[in-house]
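To keep things clear, I will list the structure first and then write my remarks on it.
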Amino acid sequence: MSWPKMIRGVLEKWGVYRVEGVFDEVVVVGMGGSGIVGDYLQVLAAERGPLPVYVVKSYILPRFVDEDSLVLLISYSGNTLETLLAFKSALLSKLRVVVVSSGGVLKEEAWRRGVLYIEVPGGIVPRASLPSMLYSILGLLDTSGYSVITLREAEESVVFLEDVKSSILGSSSKLAKWLYSECVIPGRLVIIATHTPMGVLALRFKNEFNENSKLHVKVDVAPEWMHNDIVGYEAPLRRDYCVLEIIDPDNAVGCKLVEFMRDIYSEVTKSFYRVELRGENTLEKLLYGSLVGGLTSIFLAELRGVDPLITKTIELYKLKTKEIFKE
Ligand code: F6R
């Protein structure tokens with residue numbers, strides 16, 4: 001609920017961070033709640049930005065990344081090993097690098113090596129910090145002459161979020177109750193169905209339900225879904241689904257695509273819920289949806305009696321990474 005305040009904090013520093021020179025593409029490297037910031041940027045940039053954005057959720061940088069690329073390394077904790085390994089290989093290849101974190105090894109290394117470093121406020125879980133990481137890189141790109149979102153649009157989006165915040169609280173609590181009775185109690189798999197370019201939101205919902213509510217979720221995005229996944233419904237093995245549709249009401253084709261998906265799902269389930277995104281533009285719709293997803297996942301965690309803040313198995317994996325990635 002403090003996202004508007006969080007964004008305002010970043011807006012105060014808009015214009016402070018800048019990368020000099022010309023580049024051909026932006027490569028965002030990060031994992032989980034940090035890596036998804038790259039997906040958001042990719043959607044926004046595809047719609048109106050001047051540069052292609054590639055997202056790397058790995059410890060290996062693609063071969064095409066070179067001196068004409070701008071590499072943004074994002075890790076909220078600053079300690080995620082995959083991101084640290086990519087950082088090291090970017091430095092070895094003398095690439096143009098910017099680091100975003102709330103501290104950790106990445107901060108120390110960035111300072112030590114004179115790399116441009118953007119600090120976001122610490123003390124919360126990475127996924128809750130989505131707006132500070134996203135707006136930090138939007139500010140960096142705008143100031144560096146590659147604007148995806150202008151300061152004015154960023155400011156308008158905060159006003160929008162402030163306006164809709166309390167209504168989101170109510171609708172998220174309602175959605176969480178529906179998910180609890182339609183999915184959790186009967187043990188159904190949650191399908192999140194949407195259309196492009198909102199696939200990123202379906203992914204965000206999935207991650208929030210995974211990490212906060214400890215649930216498995218399937219993500220279906222039209223129109224690609226119509227070209228493979230759909231065929232599984234010709235001879236379905238299971239009928240224990242519930243479907244959460246996310247639609248942008250201003251996208252007529254998208255809405256028709258999701259309607260068609262519903263016809264097919266209807267063969268296997270009668271359990272549907274629809275979230276209609278609000279907002280004047282894609283940034284506002286993404287913010288709106290992200291807050292609905294986040295709050296719903298927390299309400300759902302409460303209903304399930306699980307702690308949304310603790311992600312034991314991610315920590316278990318992170319302990320193992322030192323062994324797994326040891327050469
Ligand atoms: C945990 C979470 C994870 C992390 C991921 C990478 O709260 O959201 O998805 O984001 O494990 O860690 P960071 O973001 O610290 O690089």
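The values are calculated or read from the model by the stated rules, or taken from the named source; none is laboratory data. These numbers were taken from a predicted model, which means no experiment stands behind them. So basically every Cβ, Gly included, is an ideal-geometry build from the backbone, and we count neighbours across all protein chains shown. The accessibility values were calculated without ligands, DNA or RNA, using every heavy atom of the protein model including side chains. Shrake-Rupley method; radii C 1.70, N 1.55, O 1.52, S 1.80 Å.
Of all residues in segment 258-271, which are touching a residue at least 40 places away in the same chain (Cβ under 8 Å) and outside any helix (DSSP H, G or I)? The answer is THR269, SER271. Residues considered: VAL37, VAL53, VAL28. Of these, the only one that is more than 15 Å from the ligand (Cβ to nearest atom), at pLDDT 95 or above and not acidic (Asp, Glu) is VAL53. Evaluation of MET261 against the conditions (1) open to solvent by 20 Å² or more (accessible area, probe 1.4 Å); (2) over 25 Å from MET6 (Cα atoms) shows that the sole unmet condition is (1). Screening VAL37, VAL22, VAL28, VAL65 for residues that are over 18 Å from VAL99 (Cβ atoms) and β-branched (Val, Ile, Thr) leaves exactly one candidate, VAL22. Pull up segment 105-153, narrow it to residues that are within 16 Å of the ligand (Cβ to nearest atom) and of a type in the set (Val, Ile, Thr), then point me to the one that is farthest from the chain's Cα centre (by Cα). The extreme case among them is VAL105.
Yes or no, residue by residue, for (1) open to solvent by 40 Å² or more (accessible area, probe 1.4 Å); (2) farther than 24 Å from ARG204 by Cβ:
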{"position": "VAL65", "(1), (2)": "no, yes"}
{"position": "SER69", "(1), (2)": "no, yes"}
{"position": "SER77", "(1), (2)": "yes, no"}
{"position": "LEU95", "(1), (2)": "no, yes"}
{"position": "TRP111", "(1), (2)": "yes, yes"}
{"position": "GLY123", "(1), (2)": "yes, no"}
{"position": "SER144", "(1), (2)": "no, yes"}
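Of all the numbered requirements in (1) free of Cβ contacts under 8 Å to residues at least 12 places away in the same chain; (2) within 16 Å of the ligand (Cβ to nearest atom), ILE314 misses one, and that requirement is (1). Going through (1) open to solvent by 40 Å² or more (accessible area, probe 1.4 Å); (2) touching a residue at least 60 places away in the same chain (Cβ under 8 Å) one by one, GLY9 falls short only on (1).
For beta carbons closer than 8 Å, sequence separation of 6+ or different chains, a first residue in segment 215-234 that is more than 27 Å from THR296 (Cα to Cα) and a second that is open to solvent by 70 Å² or more (accessible area, probe 1.4 Å) and not acidic (Asp, Glu), the qualifying pairs are MET226/PHE260.
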